[in-house]
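Q: Here it is: the structure, laid out below.
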Amino acid sequence: MRAFHSTWTRPFFARNQGASFSMEPFELLTTALSALQWRRLGGSITMVTDGAGAAYYRMLGLEVLWDGGVRTELDRIPAGIDPCVYWAAGKLFALQQMELPCVMIDTDFIVWHDIAGLLQGYDCAAIHREEIVDSIYPSLEAFSFNADLGLAELDWTVQPLNTALAYFSSKELRDRYCKMAIQIMRHSPDARDALIYMVFAEQRLLAMLARTYSVLELSSVEALFTSGQKLFTHIWGFKQQMRECPEAQDAFCRRCAARLTRDFPAETSVIRRIPMLKSYF
């Protein structure tokens with residue numbers, strides 16, 4: 001099963017003027033586990049990034065993570081896409097370029113067991129649905145667009161699909177989704193609330209367009225964050241805690257390093273030489 005990661009560096013540079021691109025230790029370690037574990041299960045994975053992202057991974061020696069290679073299509077994202085509002089736009093531009101069927105995986109998401117059999121026969125799959133909360137998923141009236149995108153005709157009652165992991169086999173659905181999401185990004189020059197605009201274009205729109213397709217929900221929010229489930233790990237909600245608590249970050253990174261050492265000794269010989277990661281091995 002083909003999969004891809006994506007790294008778009010323009011949001012980093014928009015927030016950190018004059019800085020060199022970098023990632024936090026826990027981000028690098030989960031990226032490595034996500035890619036290598038997917039390959040261990042028999043899949044192939046590609047990194048879709050831009051020139052700055054590719055140079056960064058090369059500098060660290062991490063291009064070995066992706067057997068499908070490191071591609072730089074994200075250099076072509078139009079300058080008019082606001083990277084502060086649409087910080088996850090890169091994954092949608094990457095998805096647009098991928099051969100189907102494929103799985104889109106965030107670099108902070110790890111799949112521990114083979115899910116290929118679960119996906120068979122579905123047009124689309126996502127990790128879970130999300131509740132429609134007004135502060136995150138408001139009505140159409142909360143948005144401002146400078147063109148009629150036909151959004152009023154969509155079903156606003158469908159629960160959004162979380163795309164930390166998403167699968168696509170239907171080219172028709174993928175193409176409609178990417179095209180409309182990019183139109184949303186290009187026609188919202190007055191957007192200021194990064195949360196509601198990004199999750200609308202990325203997650204709610206997908207659910208709206210997929211309403212008439214066969215869609216699999218691989219888990220639920222509740223199941224994903226219970227200790228009993230062993231299929232997936234998603235650290236999104238734990239990142240801020242690690243930033244605020246060095247002890248928590250240190251413990252997490254040491255656990256990742258131990259897992260990498262045990263399961264992927266060849267690649268770990270490269271990873272453990274990265275200066276910011278040495279202390280965890």
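Bear in mind these aren't lab numbers, they're just calculated from the coordinates by the rules spelled out. The model shown is predicted, which means the values in this text are computed figures rather than measured ones. Positions of Cβ are generated from backbone atoms using ideal geometry, with glycine treated the same way; all protein chains shown enter the neighbour counts.
Q: Hey, can you grab everything whose amide H is under 5 Å from the amide H of ILE45? Only 5+ residues off in sequence or another chain; H modelled, so Pro and N-termini drop out.
A: For ILE45, whose amide H was placed from the backbone, the distant partners under 5 Å are ALA3, ASP67, GLY68.
Q: Tell me the angle of helix 25-40 to the major Cα principal axis of the chain, expressed in degrees between 0 and 90 and rounded to the nearest ten.
A: Rounded to the nearest ten degrees, it is 90.
Q: Another one. Taking N as the number of residues in the stretch 1-76, what value does Rg over Cα atoms divided by 2.2 N^0.38 Å take?
A: For the stretch 1-76, the normalised Cα radius of gyration is 1.09.
Q: In deg cm²/dmol, rounded to 500, what helix-only [θ] at 222 nm does the chain give when every DSSP H run of at least 4 residues adds -39500 (n - 2.57) and the total is split over its residues?
A: About -10500 deg cm²/dmol.
Q: Nearest 10 degrees, 0 to 90: what angle lies between the long axis of helix 171-186 and the longest principal axis of the chain (Cα atoms)?
A: Rounded to the nearest ten degrees, it is 80.
Q: If you don't mind, another one. Diagonalise the Cα gyration tensor of the chain and give the resulting equivalent ellipsoid semi-axes, square root of 5 times each eigenvalue, largest first, whole Å.
A: 30, 22, 18
Q: OK, next. So what's the net charge close to GLN159: Lys and Arg +1, Asp and Glu -1, counting the other residues with Cβ under 13 Å from its Cβ?
A: Surrounding charge for GLN159 is -1.
Q: Rounded to the nearest Å, what's the spacing between the alpha carbon centres of the stretch 1-71 and the stretch 131-194? Just the number, please.
A: 26 Å
Q: So between GLN97 and LYS239, what do we pick up on full extension, going 0.36 nm a residue minus the alpha carbon distance?
A: Using 0.36 nm per residue and subtracting the Cα-Cα distance, I get 48.2 nm.
Q: Follow-up. What order, most packed first, do the peptides 194-201, 149-156 have when packing is the mean number of other Cβ atoms within 10 Å of each residue?
A: Answer by packing, highest mean first, reads 194-201, 149-156.
Q: Let me ask something else. Take every DSSP beta bridge whose two residues both sit in the stretch 2-237, then give the antiparallel share in percent to the nearest 5.
A: Taking every DSSP beta bridge with both residues in the stretch 2-237, the antiparallel ones total about 50 percent.
Q: Output the peptides 116-128, 164-176 sorted from most to least packed, where packing is the average of other Cβ atoms within 10 Å over each peptide's residues.
A: Most protected by this proxy first, the peptides run 164-176, 116-128.
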